[in-house]
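Quick notes on the structure that follows.
The values are calculated or read from the model by the stated rules, or taken from the named source; none is laboratory data. Quantities reported herein were computed from a predicted structural model and do not represent experimental measurements. Note: ideal-geometry Cβ built from the backbone for every residue, glycine included; neighbour counts use all protein chains shown. Only protein heavy atoms, including side chains, enter the accessible area calculation; ligands, DNA and RNA are left aside. Shrake-Rupley method; radii C 1.70, N 1.55, O 1.52, S 1.80 Å.
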Amino acid sequence: MNITELARRLKITPNELKDELPKLGFHIGPRAIQIPDKQARQVIDLYRQKKEKEQALEKAKKKIVQKKEKEEEKEKKEEKIVRISSTIQVYKLAEKLNLPVVTVMNELIKNGVLSSVNENLDYEIAAIVAQNLGFSVEKGEEEEKETGTLVKQKFQQALKSTDKKELRPRAPVVVVMGHVDHGKSSILSAIREIDMISREKGGITQHIGAYSVTKNDHEVTFIDTPGHEAFESMRARGGEVADIATLVISADDKIQPQTLESIKVIQNEGLPFIVAINKIDKPDADVEKIKKELSEINLTPEDWGGKVITIPVSAKTKQGIEDLLEMINLVAEMHKDTLVTNPNGTLIGTVIESYLDHGYGPVATLILYNGTLRRGENVIIDSSYGRIRSIKDQWGKSLESVGASMPVQIFGLKNVPQVGDIVEVVKNNREFKKRIKQIRISAPAIESSQEKEVSKVPQLKVIVRADVLGSLEAIIHSLEKLEHPEVKIKVVKKGLANITESDVDLSQAAHAWIIGFGVDIGASAKQLAHELRLKISLYSVIYDLIQEVKQEINKLLPEEVEEEELGKVEILKVFQHKGKETIAGGKVVHGKVIKNVLARVWAEGGQELKGEGEISQLQVNKRDVDEVKEGSECGMKFVGNVD
């Protein structure tokens, strides 16, 4: 059989056949043109067997590859779907997305949200961030059942690993919550006055955001921002601060929306609580009416057969204040198993207030839960750090060290930490320097991304503070309706209670306008805002607020550009075309042509736009002119990428 015929039967070229024959065990020489028939049949059989094996192997490989690809695709899809609960902390979101925290924070900034790593994000915000980073998002219910915050989790872990012999009792931390006009501040003032008399100490206590009192040799720490800024911010940023809550309701009023909001907070945190029915000295006070309203929302008072402790008090006459303190001690005694600390253990604490003092620099008020903080130690507080230069108690007395539940101010930080940030001591100097370097590296990354953010739509950034939840929701809803296609309104932060230094700090960082409705601004916050030249507006009528926001939106609207058509020129001849320059002659068929104006070039008939440029020179009879009118012919130099 001819070699060419055998190659044809095998569907390969003669040269390919000659290469294959030695592999099949046949050696016929490079110049052979024929092969015996018997050998030819053997070649055909062996070659087909070889091809079948190769095809089978290739098929098997393909199946393996396809299976692997499907598995990888499945894994990829599974990886790209994340489940997020109703709230999630920034660092936990980063862990879920398997991305650096800085990447998540940068994406938050792009969406107008400034936050710390411990801050809680609403599901809506977290979902937007995750989607922008390429993930599909599902709302997860299992994580909503997760109890405790980062501070609480760390504290519980520390207690589990601690020998019970090392544990010591600690004072309870009490937060006072309720409606804005029901007398929270008055109750706290009455408690403080009674304590100061019992201590026989004159003078005024330092305003440090919290203070301790003593009743029957038992210390109790009160948060001096009654359920407003500190507690709400710490819940938002993941720092659990209170062990017990006192809910204040006015005896001459009723349960208000902010009261219900406070109850929700207390129940979400799982805090034991006492209801202080205040203003019983008022003529129209009705304690039983308040108890009835409590029972209607499944908070039945003890004397009505329920479990809710109610104490009638008058902050004005001090009636019932001693009973309230005794009851707080009793509740603390009932929970003494959890009110423990290890003075020699890992330091666990949180910031409950912070501000910038122009004499002392950054100042933070701390409450510790575990360990002991000493003067001269190196601390990391989220994105802030420093060596503690001084520790002061509520009386302004300098301390060498402080233990659990005692509120103190610390000095020596490099910048102002946020409420709810977690305090950490770094003993090793080398490790401390390494951590500082990481903070410094991450900070510019956030700033640069903020600087690089160039939105096509101008943004009006606002921080909104209101007296009650209903007003806040109404304002936010009104702002959403005001949004203009050419100006976006970004609510950087919203919340209840008065405007504080932390709002001012955030306003400076985010370039945001602070809006307050039915609230006031503290003296220190007002002074800081004045020094930083920040805009703060206070309102009592929503209509006025909305009108001013409209004015601000109008200021940000881009200027409208009106276009006026001057004339049309018909090109009669092109003399030269080089690079971007074209020298041509034409006739003004309509209006006029002026030097140094925008010109668009249309194809014959005026249906197709070829491009645009500028008429840089005009000539009539070889003489430069600035203008040529209708009916006249002219020469022109056109500059633009148009042929």
**Asked** Considering only segment 602-617, how many residues are open to solvent by less than 70 Å² (accessible area, probe 1.4 Å), within 15 Å of K568 (Cβ to Cβ) and assigned to a strand (DSSP E or B)?
**Response** 1
**Prompt:** Which of the following residues is crowded, with 16+ Cβ neighbours inside 10 Å, at pLDDT below 85 and out of contact with any Phe, Trp or Tyr (no Cβ under 7 Å at 6 or more places or on another chain): I208, I187, I204, I197?
**Reply:** I208
**Candidates A126, A130, A171, filtered to the one that is in a loop (DSSP other than H, G, I, E, B), modelled with pLDDT of 85 or more and of a type outside the set (F, W, Y)** = A171
**Prompt:** In segment 583-591, is there at least one residue being surrounded by fewer than 12 Cβ atoms within 10 Å (Cβ to Cβ) and under 24 Å from K488 (Cα atoms)?
**Reply:** no
**Asked** Restricting attention to segment 582-596, does a residue exist that is part of a strand (DSSP E or B) and touching a residue at least 60 places away in the same chain (Cβ under 8 Å)?
**Response** yes
**Prompt:** When both residues are 6+ apart or on different chains and their Cβ atoms are under 9 Å apart, which pairs have a first residue that lies in segment 4-31 and is on the phi > 0 side of the Ramachandran plot, and a second that is exposed (fewer than 13 other Cβ atoms within 10 Å of the Cβ)?
**Reply:** none
**Prompt:** Out of all the residues in segment 623-643, is one or more of a type in the set (V, I, T), touching a residue at least 40 places away in the same chain (Cβ under 8 Å), assigned to a loop (DSSP other than H, G, I, E, B) and open to solvent by less than 50 Å² (accessible area, probe 1.4 Å)?
**Reply:** yes
**Request:** Being part of a loop (DSSP other than H, G, I, E, B) and in contact with a Leu (Cβ under 7 Å, 6 or more places away or on another chain) is the filter; apply it to segment 334-364 and report the residue that is farthest from L506 (Cα to Cα).
**Result:** N342
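Report yes if L294 is open to solvent by 50 Å² or more (accessible area, probe 1.4 Å), part of a helix (DSSP H, G or I), out of contact with any helix residue (DSSP H, G or I) (no Cβ under 8 Å at 6 or more places or on another chain) and modelled with pLDDT of 90 or more, otherwise no.
no
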**Scan of segment 365-413 for residues that are within 19 Å of K154 (Cβ to Cβ), under 26 Å from the mean Cα position of the chain (by Cα) and outside any loop (DSSP other than H, G, I, E, B), ordered by number** = L366, I367, L368, V379, I380, I381, S384, Y385
**Asked** In this structure, is V620 surrounded by fewer than 16 Cβ atoms within 10 Å (Cβ to Cβ) and in contact with a Gly (Cβ under 8 Å, 6 or more places away or on another chain)?
**Response** yes
**Item:** Test: residue in segment 498-512 that is farther than 27 Å from N106 by Cα and open to solvent by 30 Å² or more (accessible area, probe 1.4 Å)
**Value:** yes
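Yes or no: A158 modelled with pLDDT of 80 or more, farther than 21 Å from I463 by Cβ, surrounded by 13 or more Cβ atoms within 10 Å (Cβ to Cβ) and not aromatic (F, W, Y)?
So A158 fails the test.
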**Request:** Mind telling me which of the residues L598, L538 ends up being modelled with pLDDT of 90 or more, within 30 Å of H484 (Cβ to Cβ), open to solvent by less than 90 Å² (accessible area, probe 1.4 Å) and within 57 Å of the chain's Cα centre (by Cα)?
**Result:** L538
**Request:** Quickly run through segment 27-49 and pick out the residues that are surrounded by 11 or more Cβ atoms within 10 Å (Cβ to Cβ) and modelled with pLDDT under 85.
**Result:** I28, A32
**Residue tally, condition more than 9 Å from the chain's Cα centre (by Cα) and either modelled with pLDDT of 75 or more or open to solvent by 50 Å² or more (accessible area, probe 1.4 Å) (or both), over segment 107-121** = 1
**Prompt:** Within segment 211-257, how many residues turn out to be open to solvent by less than 10 Å² (accessible area, probe 1.4 Å), in a loop (DSSP other than H, G, I, E, B) and modelled with pLDDT of 50 or more?
**Reply:** 3
**Asked** Does any residue of segment 405-427 turn out to be β-branched (V, I, T), in contact with a Leu (Cβ under 9 Å, 6 or more places away or on another chain), modelled with pLDDT of 90 or more and more than 23 Å from V220 (Cβ to Cβ)?
**Response** yes
**Item:** Sole residue being open to solvent by 30 Å² or more (accessible area, probe 1.4 Å), within 30 Å of G386 (Cβ to Cβ) and at pLDDT below 85, chosen from E447, E480, E473
**Value:** E447
**Residue list for segment 541-554, filter: open to solvent by less than 80 Å² (accessible area, probe 1.4 Å), out of contact with any strand residue (DSSP E or B) (no Cβ under 6 Å at 6 or more places or on another chain) and not aliphatic (A, V, I, L, M)** = D544, Q547, E548
**Complete:** When every residue in segment 555-569 that is open to solvent by less than 100 Å² (accessible area, probe 1.4 Å) and either farther than 19 Å from K595 by Cα or charged (D, E, K, R) (or both) is compared, the one modelled with the lowest pLDDT is P558
